[in-house]
1. Order the peptides 82-92, 45-55 from the highest to the lowest mean number of other Cβ atoms within 10 Å of their residues.
2. How would you classify the chain from its alpha-carbon gyration tensor, with a ≥ b ≥ c the square roots of the eigenvalues: rounded for a/c under 1.5, else prolate if a/b is greater than b/c, otherwise oblate?
3. To the nearest 0.05, what FRET efficiency results for residue 121 and residue 18 with a Förster distance of 51 Å applied to their C-beta separation?
4. What percent do you get for the relative contact order of region 241-317 when only Cα pairs under 8 Å and 6+ apart count?
5. What order do you get for 242, 435 when you list them from fewest to most C-beta neighbours inside 10 Å?
6. Could you list 353, 293 in order of exposure, starting from the residue whose Cβ has the fewest other Cβ atoms within 10 Å?
7. What is the spin-label model distance, in nm, from residue 261 to residue 415 if the labels are put 7 Å beyond Cα along the C-beta direction?
8. If one takes the longest principal axis of the Cα atoms in the chain, at what angle in degrees, from 0 to 90 and to the nearest 10, does the Cα axis of helix 316-327 lie?
Ligand code: MN
Ligand code: MN
């Protein structure tokens, strides 16, 4: 038996006046197992959805299984009714109707399902020295040197001349071949080693090897290219001209796995931002009788600035909310003004190996919960939405009320770089919005890391938001 030591006055005062976010495994050890169980579904979702289109497809299947129906504007819906609407196969909106009328505002949760990757150029296939390649144009912010010598899978769609759409997927099934970008051996890298890291591999060096056996015919000028095209034709019935009507994405072939002896982390491609997409989707599906009507949006094109008609800078999102408002005879302007949105996106987890890039008092840490990010931006908050104190207070009250483990963090140290999310595009609609998501290690790399406890508590935060 140990005698309890009496706390000093300073210690008592310290406890009253100072604040530190706890390590979840120390504070709530039972959550370690709960989080691990939750992340089994998350890992399966990551493997099913490696492109925005695949994520939408997976989401639709999950929504239908949960009783959602496509939004029908001619119908009137009751509290608890569930609907969804797909935008061009690359973004999806979902709603559970709330107890309160839409005129009192709605609760919005928005995550993005596009991730950095290598897109095929419109004319991608070529042959050089008896090797066939794909030319790529990278999508989103990648550190190009990380993408060499990584097994890659081919995903996407081709619309054939006759209008038929063919879905392509090579490199995911057991026994499938994969593809790869080459890099120099250290023995011959003396010149390449002098390059800046940002040019370790250059954009026009991100060429993907797709074959090396020639088509046996002396008359053919580029027989290795022809052989590759023949194999694609055998499998999918496509020709070289069809690549002009295609969206093909080359992504890491690696499946989602546990990382660490304790299996505390998930390692996978595309966790920015499918980690928030999955947690938001599950919270949406589980919302049974929310007070406010929910709008969960899984959007596209965030990684290139939310551009295009499937990105949050498009009117598609606002139009959806306007439709819901009009269906209940409410003025959309009032609905926007009274609504609140979580911009569900990841932040950079503090990385002790690269401590200089962070400011330790204002960073997010793995295993301390979901991270509330008041503002993003760069060079003096430029491009940030910057949530108000009132919005911060509302979101913190919701999370504290549900016992969610959360923390606050900035995106790295001041003037080390920066970034943005969908928050500013939501704010344009006169909606209160703040970023909330999972801290990620090695963000935008072919293999990103997230803590299972953080994934779980992000889900719990979204669940509380939709109560
Ligand atoms: Mn993101
Ligand atoms: Mn990103």
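1. Ranked by mean Cβ neighbours within 10 Å, highest first: 45-55, 82-92.
2. Since a/c reaches 1.5 but b/c is at least a/b, the shape of the chain is classed as oblate.
3. That pair, residue 121 with residue 18, gives E of 0.40.
4. Relative contact order comes out at 13 percent.
5. With the sparsest Cβ surroundings first, the list reads 242, 435.
6. Fewest-to-most ranking of 353, 293: 353, 293.
7. If labels sit at residue 261 and residue 415, their model points lie 4.2 nm apart.
8. 50
We did not get these values from a lab; they are worked out from the coordinates using the rules stated. Keep in mind it's a predicted model, so treat the numbers as computed, not measured. As a convention, Cβ positions derive from the backbone with ideal geometry for all residues, glycine included, and neighbour counts pool all protein chains shown.
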